[in-house]
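Below is one structure; the comments refer to it alone.
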Amino acid sequence: MQNDNLEYFKGEEFQKILRQYEDSVKSGHPIYMDADDLADIADWYQYNGHQEEADEAVNLALEYNPEAVGPLLYKAREALSLRDFETAYDYADHVEAADAVEAFYLRNEILICEGKEEEADEHFREHLKEVMPDELMDYVYDVASIYSDYNLYDKAFEWIARSQGDDSDDFKELMARTLFGLGKYQDSERIFNELIDHNPYSTRYWNALASAQFMREDYHAAITSSEFAIAIDPNDADGLLSKANSLYNLENYETALSYFQKYSEKMEDDEFGYLHQGTCFINLGRYEEAIKVLEKGESISAPDSPYLPEIYQEMAFAYSELRQPETALYYLDKTDSLECDHVNVSIIKGHVLLSNKRAKEAEDAFKKALVNSGNAPKTMLRIIVSLYDNHLVQPSYKLLKGFLTLVDDEWKEGYSYMALCCLDLRKYDEFLQYLKQAIEKNPREARLVLGSYFPKEVETKDYYDYMKIKLKSKLK
């Protein structure tokens, strides 16, 4: 959904139309409505996870006006989401009769979905020659937006560069979102700050700023930005979710849980909220409550939901902690027919079996993961971490020591876990050696794995000096 549409949907004009439609549905007394307004209502329902209501609205729109462009575009993009290109092209033919420009955009969207980005780009560039000068910026913006919507940020950036210095907020926002998509979070943050200076009451800008800060792992700043969005609109689901995610990453699970719950109250048909309520409950050791909300997430998930495998994995962790390994394995087996990381599932299966004292079966699961991953180093590392989590410190130490001698100089993972093993085994000199490498190679991993051993005010880069002083009496 386009960002300007989101602003429109929050406005009084659309809310009035939505109320009229919903009153009509509740009363059972149909009223005539503009077909494009009904298409907007369908978009709104779809954005909020109410697919059945969205379908009803758009089908009613086509009953009123079978040639209305808005509903036809909705149905075409629905076909695209299902990769039903033949149906999408059929809708494009119908759109063409009413709006050649929209049909042109739609046909190129279909090409993009078919993986023919260069062919679409050739069409866009050819059409650029025919665009009138006073329409040029609108055309460039539209094409860049299409590429951005399909996560083709390199292409979006190329088209934005054709804007010839357009300094409008629309182009700035598109640039900021494109830079975000390219992983240039600091540049994206800078532009969103500029946009907020122009419009400090835009929840969209505050949430986008929070996202950039989140990706830079500046979680405290992200919380502050999301709080501004919530202050502007206490019902803003994106702001609630943004704050929940940042709190979760700060391991403030209790407060994060409360915001995930508030998010689910607003977006009751979004399984994402229930999934993360479940992970909070698990981190808090409240496994029965975790299972309850995860079951809710499963019940509302579409069969192809990308979150369904995660829901099953979290269910497995919860049941494993409750010493119900067979139920845990049942949920892991439910991922067999889903599109997900099956190597990861094998590792989790091994972890569950190991934590329930079924070592031989765990070994088989770990071997399966290694074979299916082609003995990938990351798979090996995750198996070693599972051994450590199951209190097998000495075997973990030996395996990690051998593992870290085999990886190349560019390898960045596992040093923090090796430091942890050395600390547990009271090998303090080795602990400092691996702590130093962990800080240099992967400070994020060092903070996540070792942070609980340090006061909060100690920065990751100072971990080594802090521990060197603290352990002075124990060093050789």
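Worth a mention:
- Of the GluC sites (Glu not before Pro) in region 162-241, the ones in a loop by DSSP (not H, G, I, E or B) with at most 15 other beta carbons within 10 Å are E217.
- Probe 1.4 Å - accessible area at M215, Å² to nearest ten: 80
- Excluding ligands, DNA and RNA, the accessible surface per residue across the chain is 52 Å² with a 1.4 Å probe.
- Shown here for region 278-340: trypsin sites (Lys or Arg not before Pro) in loop regions (DSSP other than H, G, I, E, B) with at most 13 other Cβ atoms within 10 Å, namely R323.
- Dividing the convex hull volume of the alpha-carbon atoms in region 34-102 by its residue count gives 77 Å³ per residue.
- The distance linking region 403-464 with region 236-284 is 30 Å (Cα centroid to Cα centroid, whole angstrom).
- Across all Cα atoms of the chain, the radius of gyration (one decimal) and Dmax (whole number) stand at 26.2, 85 Å.
- Carbon + sulfur, % of accessible area of region 18-91 - ligands and nucleic acids excluded, 1.4 Å: 49
- Debye intensity ratio in log₁₀ form over the Cα atoms of region 379-476, taken at each q of 0.19, 0.21 Å⁻¹: -0.89, -1.08
- The angle between the Cα long axis of helix 415-424 and the longest principal axis of the Cα atoms of the chain comes to about 40 degrees, rounded to the nearest 10.
- Inter-part distance, region 201-219 to region 80-113, computed on C-alpha centroids, equals 34 Å.
- Surface accessible to a 1.4 Å probe, V343 within the full protein complex, Å²: 30
- The trypsin sites (Lys or Arg not before Pro) of region 129-214 that DSSP puts in a loop, and whose beta carbon has at most 14 other beta carbons within 10 Å, are K129.
- The accessible surface of region 98-222, taken with every protein chain in place and a 1.4 Å probe, is 47 percent carbon and sulfur.
- Of the peptides 361-374, 230-243, the order by per-residue mean of other Cβ atoms within 10 Å, starting with the highest, comes out as 230-243, 361-374.
- Accessible area of W411 in the full protein assembly, 1.4 Å probe (Å², nearest 10): 40
- Considering all different alpha carbon pairs of region 119-235, the Kirkwood hydrodynamic radius works out to 15.0 Å.
- Residues E12, E53 ordered from highest to lowest accessible area at a 1.4 Å probe: E12, E53.
- Cα long-axis angle, helix 377-389 against the chain (0 to 90 degrees, to the nearest 10): 60
- Mean ellipticity per residue at 222 nm, deg cm²/dmol - from DSSP H runs of n ≥ 4 across the chain, formula -39500 (n - 2.57): -23000 deg cm²/dmol
- Protein-only accessible surface order, largest first, of E96, E457, E445 at 1.4 Å: E457, E96, E445
The values are calculated or read from the model by the stated rules, or taken from the named source; none is laboratory data. Keep in mind that this is a model prediction, so the values were computed, not measured. Here the Cβ is made from the backbone with ideal geometry for all residues, glycine too, and neighbour counts use every protein chain on show. Accessible surface areas use protein heavy atoms only, side chains included; no ligands, DNA or RNA. Shrake-Rupley method; radii C 1.70, N 1.55, O 1.52, S 1.80 Å.
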